[in-house]
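Following: one structure in structure tokens, then a few remarks.
Values quoted throughout were computed directly from the atomic coordinates according to the rules given, and no laboratory measurement underlies them. All of these numbers come straight from a predicted model, not from anything done at the bench. Positions of Cβ are backbone-derived with ideal geometry, glycine not excepted, and every protein chain shown enters the neighbour counts.
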Amino acid sequence: MIFVGSARTGLWPRALAAFAYALPVIVIALPLFSFLSYSFFRVDNGEIVRDLGLFNYRRFFTDAIFIPVLLQTCILCLAVAGLATLIGYPVAFQLANLKGRRRYFLLLLVLVPLLMSYIIKIYAIRSILGGNGFLNRFLLWAGFITQPSSLFVFNLNAVLLTLTILLIPFAILPIFLSLERIPKSLIEASNDLGATNLQTFRWIVLPLSLPGIVTASTFVFVLAIGDFLTPQMVGGQSGFTFGRIIYSQFGTAFNWPFGSALAAILTFVIVIVIGLGNRLERRWL
Amino acid sequence: MMRISPLATISLLTLTGVVFLLLYGPLVVPIASSFFDVAHGNVQWDQPSLSSYAQLAANDGIITAFKNTLLVGFSASFLALVCGTLLALHYCSGRSLAREAMQFGVYLPFLMPPIITGLSLLIFFRELGVPRSLITVIAGHTIFVQALCYRTVVLRLQSLGSSLVEASTDLGASAWQTMFHILLPNLTSTLIGAGVLSFALSFDETMITLLVTGTDSTLPIRLWAMMRLGFTPDINALVALILLLTFVLCILVIRQFPSEFDSQG
């Protein structure tokens with residue numbers, strides 16, 4: 001409690017309350033509301049026409065391009081989430097097995113790249129994956145390929161790889177936290193009762209870390225599907241994603257109402273994914 | 001936590017090593033290549049030189065972009081600290097459904113993809129008739145990092161408990177006196193930590209900025225524009241300098257939280 005006794009009814013708490021409710025309404029709720037209302041407007045001759053209608057949503061469902069791109073993007077982001085979780089789990093496990101300060105120091109090292117410039121990382125990964133990049137040099141040197149491959153840059157593979165590398169820390173953290181919460185006594189009990197390491201992992205550790213796995217995948221999926229910079233930088237012509245289409249509506253295509261409608265659909269997808277994640281977690285808790 | 005067989009230990013360590021390589025490779029490669037010559041769009045690994053730094057020094061837009069980034073970072077962190085603290089004080093002054101709704105609203109910009117936050121603000125500013133400028137960028141960053149400031153202050157206030165405030169009031173202090181003599185001094189280290197982290201986040205924020213900025217550009221936006229035009233050597237030099245700066249910021253952030261890591265270990 002911040003205010004006690006007579007201070008509760010003073011001017012200061014009232015002013016504070018007024019500010020605390022006004023601020024989120026003005027800077028967060030109103031912008032969201034205007035974005036949603038724009039999705040019911042339409043564009044005519046480069047001018048935004050303000051009569052409400054489902055025009056944009058109808059276009060999304062009837063035009064043959066948008067639903068396949070959305071599906072393709074969802075599949076791509078599911079793959080990113082799966083891959084990041086699959087790679088992140090053993091690392092989180094390794095970290096959780098360390099003792100004392102070393103554990104948190106390494107966890108910190110996993111998290112530090114998150115503070116490093118997003119755009120620089122995309123750019124660097126692009127140059128590593130590209131025709132003259134380290135990956136191709138390594139594959140040439142190792143004799144896997146005879147000429148530089150363009151399989152890893154300016155297509156959906158590149159988007160998949162780049163997003164996975166960028167988002168791995170977001171997968172490691174929740175899994176680590178769920179592994180850390182498992183009581184040592186459970187594992188000791190399992191060992192004492194004669195279970196092998198593999199059995200202990202399969203029947204004790206893995207089930208108890210499932211909530212962490214779900215959080216990790218949801219996290220990565222949501223971050224991946226909202227990203228338009230990565231596909232724009234490494235996707236090239238073929239790596240078209242839903243986020244890129246939305247962004248182009250606010251730039252070159254200049255159709256803000258349609259862009260808003262697509263963004264609203266994206267939000268809907270994200271809410272569903274988060275809802276599903278929550279349900280799964282609750283079932284296992 | 002678990003006893004593991006040697007084979008499993010080796011594979012786990014290898015995989016962890018590979019992941020660290022994946023995480024740090026993209027940070028090390030541009031720094032390394034900034035010290036070499038570039039010809040025909042390729043880094044010449046046998047010709048070390050500082051020419052990319054010389055080219056960067058000749059690039060006028062960079063200094064302006066750097067100043068803009070600092071201005072935006074400091075203003076947004078300051079505003080976010082003030083707003084976040086006030087919101088946290090209100091949240092901790094009682095319990096109600098309205099407070100929970102307020103908290104949800106404050107978290108939203110941090111939870112939603114930046115493209116949604118960015119384009120909502122873009123449309124909102126257009127409706128208000130506010131032209132896109134550094135002001136709109138500062139507003140966007142403030143809304144984004146305010147969630148983080150709010151969260152850290154709420155956690156600190158909750159761990160402080162109510163006895164300090166009660167004692168202060170019992171001894172006859174007014175709400176203002178309690179605020180400035182009891183609460184704020186206890187929040188100082190939390191506020192510094194949240195401020196540094198906010199600045200670091202604002203320093204790198206790209207997606208919201210890209211949507212709400214006008215002709216002014218911050219460093220990430222400048223980089224984005226340079227990278228889209230193609231490969232020039234000064235990009236590597238700039239990237240190396242920015243990474244150096246963020247590294248310093250990271251150390252500052254980490255230094256703010258050692259006690260929390262110790263207590264958990």
In region A:74-93, the residues that are buried (at least 19 other Cβ atoms within 10 Å of the Cβ) and either among the basic types (Lys, Arg) or free of Cβ contacts under 8 Å to residues at least 12 places away in the same chain (or both): A:Pro90
Those helices (runs of 4 or more DSSP H) lying entirely in region B:164-244 with at least 1 residues among the aliphatic types (A, V, I, L, M) and under 30 Å from B:Ala32 (Cβ atoms): B:184-204, B:207-212, B:219-229
Yes/no for B:Ala65 being in contact with a helix residue (DSSP H, G or I) (Cβ under 8 Å, 6 or more places away or on another chain), in contact (Cβ under 8 Å) with a residue 12 or more places away in the chain and either at positive phi or more than 10 Å from every other protein chain (Cβ to nearest Cβ) (or both): yes
Residue match in region A:162-169 (condition: part of a helix (DSSP H, G or I) and polar (S, T, N, Q)): yes
Residue count, region B:133-154 (criterion: outside any helix (DSSP H, G or I) and more than 16 Å from B:Ala76 (Cα to Cα)): 0
Tally, over region B:177-212, of residues that are buried (at least 19 other Cβ atoms within 10 Å of the Cβ), away from chain A (no Cβ under 12 Å) and among the hydroxyl-bearing types (Ser, Thr, Tyr): 1
Single match in B:Ala76, B:Ala57 (criterion: surrounded by 16 or more Cβ atoms within 10 Å (Cβ to Cβ) and either touching a residue at least 12 places away in the same chain (Cβ under 8 Å) or away from every other protein chain (no Cβ under 11 Å) (or both)): B:Ala76
Residue that is surrounded by the fewest Cβ atoms within 10 Å (Cβ to Cβ) [pool: residues in region A:162-194 that are within 12 Å of chain B (Cβ to nearest Cβ), over 20 Å from B:Tyr24 (Cα atoms) and touching a helix residue (DSSP H, G or I) at 6+ places or on another chain (Cβ under 7 Å)]: A:Leu186
Top-ranked residue in region B:105-137 [being of a type in the set (D, E, K, R) and surrounded by fewer than 17 Cβ atoms within 10 Å (Cβ to Cβ); ranked as farthest from the other protein chains (Cβ to nearest Cβ)]: B:Arg126
Meets criteria (within 10 Å of chain A (Cβ to nearest Cβ), without any contact (Cβ under 8 Å) to a residue 24 or more places away in the chain and over 30 Å from A:Ala22 (Cβ atoms)) for B:Leu23: yes
Evaluation of B:Val165 against (1) closer than 29 Å to A:Ser34 by Cβ; (2) within 7 Å of chain A (Cβ to nearest Cβ) (one fails), failing number: (1)
